[in-house]
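Okay, so here's the structure we're looking at.
The values are calculated or read from the model by the stated rules, or taken from the named source; none is laboratory data. Every value quoted in this text rests on a predicted model; they were computed, and no experiment measured them. A quick note on method: Cβ atoms are made from the backbone with ideal geometry, for glycine too, and the neighbour counts reach across all protein chains shown. Quick note on the areas: whole protein, heavy atoms, side chains included, nothing else; ligands and nucleic acids left out. Shrake-Rupley method; radii C 1.70, N 1.55, O 1.52, S 1.80 Å.
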Amino acid sequence: MATLLQHSVTRLQTLDLGNNELDDEGIDALVPALKNCRILYTLRLYDNPSITTKGWKHLASILKAPSNLLTLILANNTIDDEAAAEIAISLRNNFSLTNLSLSSNDAITEKGWESFSKLLCDTSSIDSTFNSNHFLCQVTGGMSIEQENMSTDQINTIGHLLDLNGEYEFDKREVAMVKILQHHNDFDMTPFFEWEFKVLPLMINWFERASAIDMPEDYEPNIGPRKLSSIYQFVRGMPLLYVETRLRQELVEIKAAQAQMEEEFRQRKLLMEERERSIVERLGPR
């Protein structure tokens, strides 16, 4: 099957290999072939408990490759925290998968589910939040209060983030804006000073676009006060920005003056050498 899929033009859209006693060797054979199936939309690999963590980590690599896969069913297997984390990492730059089933994978603990929380909304920085996954809309498995390996906070957090991804399905920039506003109360403008004065209109425009978004019913972003706070931070930092900008300009001018002096010295040296040769020639051999 792997040979057929890998070396032929296929329009296969759904592949169901559930309950087929697949093991790591089977996964190793299938992965290169699955990367060749560019219009595969649904892949079912449920009930294959012989696949180990090694095999699941190898399978996760298909999520990193260019793909149109929309649904991945991995229910009732032996996926553990390590494999779950690898799947989450592989989905960071995946812009197609919307439905992932991990039901009845009891080896996934709270630690494993934390990988999906970070995947959906990495709050370590504004940039990390912006680059989180905004496409995954459904993750089954551990998404109910009865799931012992997942805390109530994680259920609420992951469920909320998945709902956000689904609510703003057609404009992922809006998803990113909402997540940034929800998880970053204060916008530190200092890292943007290297952009000099270009950053202020960009920041104001960002807040204006955010104010036009229909926010979740239970969330008030307070756009106006936060925009004023960011402007205040920028204005407060302007003296430092001005000094740094002026010092950089002065440094450029010094280097330019040094280059000019070196060129003038080189020209004078050439004139002196030419004058020396002329005198030697006029004196003749001694």
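Numbers below:
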{"item": "Length gained when the stretch residue 93-residue 260 is fully extended (0.36 nm per residue, less Cα-Cα span)", "result": "55.2 nm"}
{"item": "Cα principal axis extents for the range 42-118, largest first, Å", "result": "28, 25, 20"}
{"item": "Exposure ranking of 1, 177 by accessible area [1.4 Å probe, largest first]", "result": "1, 177"}
{"item": "Phi-based couplings in Hz for the range 206-213 (Karplus 6.51, -1.76, 1.60; Gly and Pro marked x)", "result": "4, 5, 5, 5, 5, 5, 8, 7"}
{"item": "Whole-angstrom gap from the range 47-88 to the range 1-35, using each part's C-alpha centre", "result": "14 Å"}
{"item": "Of all accessible heavy-atom area on the chain, the percent that carbon and sulfur account for (1.4 Å)", "result": "53 percent"}
{"item": "Order by protection proxy (mean Cβ within 10 Å, highest first), peptides 51-62, 255-266, 209-220, 87-98", "result": "51-62, 87-98, 209-220, 255-266"}
{"item": "Under Karplus coefficients 6.51, -1.76 and 1.60, residue-wise ³J(HN,Hα) of the range 255-271 in Hz, glycine/proline x", "result": "5, 5, 5, 4, 4, 5, 5, 5, 5, 4, 5, 4, 5, 5, 5, 5, 5"}
{"item": "Net charge contributed by nearby residues that have their C-beta within less than 9 Å of residue 48 (K/R +1, D/E -1)", "result": "-3"}
{"item": "Spin-label model distance (nm) - residue 36 vs residue 107, 7 Å beyond Cα toward Cβ", "result": "3.0 nm"}
{"item": "Rounded to whole Hz, the Karplus (6.51, -1.76, 1.60) HN-Hα couplings of the range 106-117, x for glycine and proline", "result": "5, 6, 7, 9, 4, 4, x, 5, 4, 4, 7, 4"}
{"item": "In the chain, lysine pairs with alpha-carbon atoms under 28 angstrom apart (chain gap of 8 or more, or interchain)", "result": "27"}
{"item": "Compactness relative to 2.2 N^0.38 Å, alpha carbon Rg of the chain", "result": "1.60"}
{"item": "Per residue value of the accessible surface for the chain (all protein chains in place, 1.4 Å probe), Å²", "result": "60 Å²"}
